[in-house]
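Peer 1: Let me begin by handing over the structure; questions about it come next.
The values are calculated or read from the model by the stated rules, or taken from the named source; none is laboratory data. Quantities reported herein were computed from a predicted structural model and do not represent experimental measurements. So basically every Cβ, Gly included, is an ideal-geometry build from the backbone, and we count neighbours across all protein chains shown.
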Amino acid sequence: LRLDAELRHALANDELTCVFHPEIDLTSGSLYALEALVRWQHPTRGLLSPDEFVPHAEAVGLVGILFEQVLDQVLTAQDGWLIEFGWRPTVAVNVSPRQLTNSRLVQVVLAALEAHGAPPSALILEVTETALVDDTVMTGTLAELRRHGVAVAVDDFGTGYSSVSRLADRHWDALKIDRSFVAGITGDPAREGVVRAMIALAHALRLRAIAEGVEDEPTLQMLRDLGCDAAQGYLFTVPVDAAEISRMILKSP
Ligand code: G
Ligand code: G
Ligand code: MN
Ligand code: NA
């Protein structure tokens, strides 16, 4: 109950912030997208990670408001980069499974884009694989978002229980291979084979394959050799704030 009140207070008082984690295009070496990760700057408990409060927000029905605030922060950060660099880096925003059963999500996303004069291609929505149960409302929401040009990525791919037929039903643009599969691929042919197969599955379904949790150069090189499209991980950087992203873009070739 206390966390509930604190979370409502946080949402009303701008205590939530976003950091950004780059995804690098493995063909060009340039920025593919930035994943927005929410943080709670709690007045007494310090910086809280989403695992410490997003499940609670879901349970008490605050996740819609949380999402709208994250979306506005993301688009505001993009407005700054647009002025600074003349382009709007694509940002991936995490969506709670529950939100997909609410058809209002489409209006929320389109209204936010319009308020910032941003094209639908400015956003990717990340949906965890565990959410991909067969639900017609959910599928309808995703289909409508994609009809409007907003991309959808399957997050934590490999850890959920979606079937190949569910993956093949064309509501997605990318698969993010969970970092539990990516870690250790260079020392273990079985692991390498699994990631190779995941990339092949993504490509057979005409989806981009994005590897999460890339922590060293040999892993990156192997992912390149396997034809993975993009990669994210501590090798490049930990998640950083919008100002640090600006400095990185300035330094990039
Ligand atoms: O940032 P960190 O690496 O601690 O992320 C932990 C988890 O929180 C990840 O699974 C991520 O997808 C999730 N997460 C981060 N930001 C958001 C958000 O804005 N909304 C939702 N629903 N989940 C988020
Ligand atoms: O959205 P998702 O559930 O995939 O969240 C990814 C989580 O993994 C976040 O907490 C993020 O900070 C973390 N993460 C991303 N890249 C790396 C990495 O290279 N190494 C480790 N240890 N964690 C990572
Ligand atoms: Mn994610
Ligand atoms: Na993930």
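Peer 1: State whether one or more residues within region 128-138 are within 16 Å of ligand 1 (Cβ to nearest atom), in contact (Cβ under 8 Å) with a residue 12 or more places away in the chain and closer than 15 Å to Glu23 by Cα.
Peer 2: Taking every residue of region 128-138 in turn, none turns out to be within 16 Å of ligand 1 (Cβ to nearest atom), in contact (Cβ under 8 Å) with a residue 12 or more places away in the chain and closer than 15 Å to Glu23 by Cα.
Peer 1: Could you list all residues from region 39-81 that are in a helix (DSSP H, G or I), touching a residue at least 40 places away in the same chain (Cβ under 8 Å) and more than 21 Å from Ala92 (Cβ to Cβ)?
Peer 2: Answer for region 39-81, where residues must be in a helix (DSSP H, G or I), touching a residue at least 40 places away in the same chain (Cβ under 8 Å) and more than 21 Å from Ala92 (Cβ to Cβ): just His56.
Peer 1: Checking Ser121 against (1) of a type in the set (Ser, Thr, Tyr); (2) within 11 Å of ligand 1 (Cβ to nearest atom); (3) touching a Gly at 6+ places or on another chain (Cβ under 7 Å), which single condition isn't satisfied?
Peer 2: All conditions pass for Ser121, except number (2).
Peer 1: Among the residues of region 54-76, how many are more than 16 Å from ligand 2 (Cβ to nearest atom) and either β-branched (Val, Ile, Thr) or within 18 Å of His42 (Cα to Cα) (or both)?
Peer 2: Of the residues in region 54-76, 7 are more than 16 Å from ligand 2 (Cβ to nearest atom) and either β-branched (Val, Ile, Thr) or within 18 Å of His42 (Cα to Cα) (or both).
Peer 1: Show me the strands (runs of 3 or more DSSP E) found entirely inside region 95-195 where at least 3 residues are touching a Lys or Arg at 6+ places or on another chain (Cβ under 8 Å). Spell out how you get there, then give the answer.
Peer 2: Numbers: elements: 123-128, 151-157, 174-177.
Result: 151-157.
Peer 1: Here's another thing I want to ask about it. Can you confirm whether Gly233 is in contact with a Lys or Arg (Cβ under 6 Å, 6 or more places away or on another chain) and either surrounded by fewer than 15 Cβ atoms within 10 Å (Cβ to Cβ) or in a loop (DSSP other than H, G, I, E, B) (or both)?
Peer 2: no
Peer 1: With respect to Gly29, is the statement that it is away from ligand 4 (no atom under 16 Å from the Cβ), small (Gly, Ala, Ser) and farther than 22 Å from Asp178 by Cα true? First the steps, then the outcome.
Peer 2: Working: away from ligand 4 (no atom under 16 Å from the Cβ): yes; small (Gly, Ala, Ser): yes; farther than 22 Å from Asp178 by Cα: no.
So Gly29 does not fit the description; no.
Peer 1: Answer with yes or no whether Val194 is surrounded by fewer than 17 Cβ atoms within 10 Å (Cβ to Cβ), in contact with a Phe, Trp or Tyr (Cβ under 8 Å, 6 or more places away or on another chain) and of a type in the set (A, V, I, L, M).
Peer 2: Details: surrounded by fewer than 17 Cβ atoms within 10 Å (Cβ to Cβ): yes; in contact with a Phe, Trp or Tyr (Cβ under 8 Å, 6 or more places away or on another chain): yes; of a type in the set (A, V, I, L, M): yes.
Yes; evaluated as a whole, the condition is true for this residue.
Peer 1: How many residues does region 26-47 contain that are closer than 26 Å to Leu235 by Cβ and either of a type in the set (Ser, Thr, Tyr) or surrounded by 16 or more Cβ atoms within 10 Å (Cβ to Cβ) (or both)? Outline the logic, then answer.
Peer 2: Pass one, region 26-47, residues closer than 26 Å to Leu235 by Cβ: 26-39, 47.
So of that shortlist, the ones also either of a type in the set (Ser, Thr, Tyr) or surrounded by 16 or more Cβ atoms within 10 Å (Cβ to Cβ) (or both) come out as 26-28, 30-39.
The number of residues fulfilling the criteria is 13.
Peer 1: Then there is this: Can you find a residue that is surrounded by 14 or more Cβ atoms within 10 Å (Cβ to Cβ), among the acidic types (Asp, Glu) and either over 23 Å from Thr128 (Cβ atoms) or modelled with pLDDT under 95 (or both) anywhere in region 53-72? Walk me through it before giving the result.
Peer 2: Initial filter on region 53-72 (surrounded by 14 or more Cβ atoms within 10 Å (Cβ to Cβ)): 53-54, 56-58, 62-72.
Applying the additional criterion that residues be among the acidic types (Asp, Glu) yields 58, 68, 72.
Next cut, either over 23 Å from Thr128 (Cβ atoms) or modelled with pLDDT under 95 (or both) only: 58.
Yes, some residue in region 53-72 is surrounded by 14 or more Cβ atoms within 10 Å (Cβ to Cβ), among the acidic types (Asp, Glu) and either over 23 Å from Thr128 (Cβ atoms) or modelled with pLDDT under 95 (or both).
Peer 1: Run down Leu145, Leu223, Leu207 and say which single residue is buried (at least 20 other Cβ atoms within 10 Å of the Cβ), of a type in the set (A, V, I, L, M) and touching a helix residue (DSSP H, G or I) at 6+ places or on another chain (Cβ under 7 Å). Even if it seems obvious, please write down each step before you answer.
Peer 2: Numbers: Leu223 fails: touching a helix residue (DSSP H, G or I) at 6+ places or on another chain (Cβ under 7 Å); Leu207 fails: touching a helix residue (DSSP H, G or I) at 6+ places or on another chain (Cβ under 7 Å).
Unique residue meeting the criteria: Leu145.
Peer 1: Within region 215-253, which residues are under 20 Å from the mean Cα position of the chain (by Cα), of a type outside the set (A, V, I, L, M, F, W, C) and either over 26 Å from Ser180 (Cα atoms) or at pLDDT below 95 (or both)?
Peer 2: Step one: of region 215-253, the residues under 20 Å from the mean Cα position of the chain (by Cα) are 215, 220, 223, 228-246, 248-249.
Narrowing the set further to residues that are of a type outside the set (A, V, I, L, M, F, W, C) leaves 215, 229, 232-234, 237, 239, 241, 244, 246.
Answer for region 215-253, where residues must be under 20 Å from the mean Cα position of the chain (by Cα), of a type outside the set (A, V, I, L, M, F, W, C) and either over 26 Å from Ser180 (Cα atoms) or at pLDDT below 95 (or both): Glu244, Ser246.
Peer 1: Go through (1) without any contact (Cβ under 8 Å) to a residue 40 or more places away in the chain; (2) within 23 Å of Leu31 (Cβ to Cβ) one by one and return the number of the condition Phe181 breaks.
Peer 2: Failed condition: (2).
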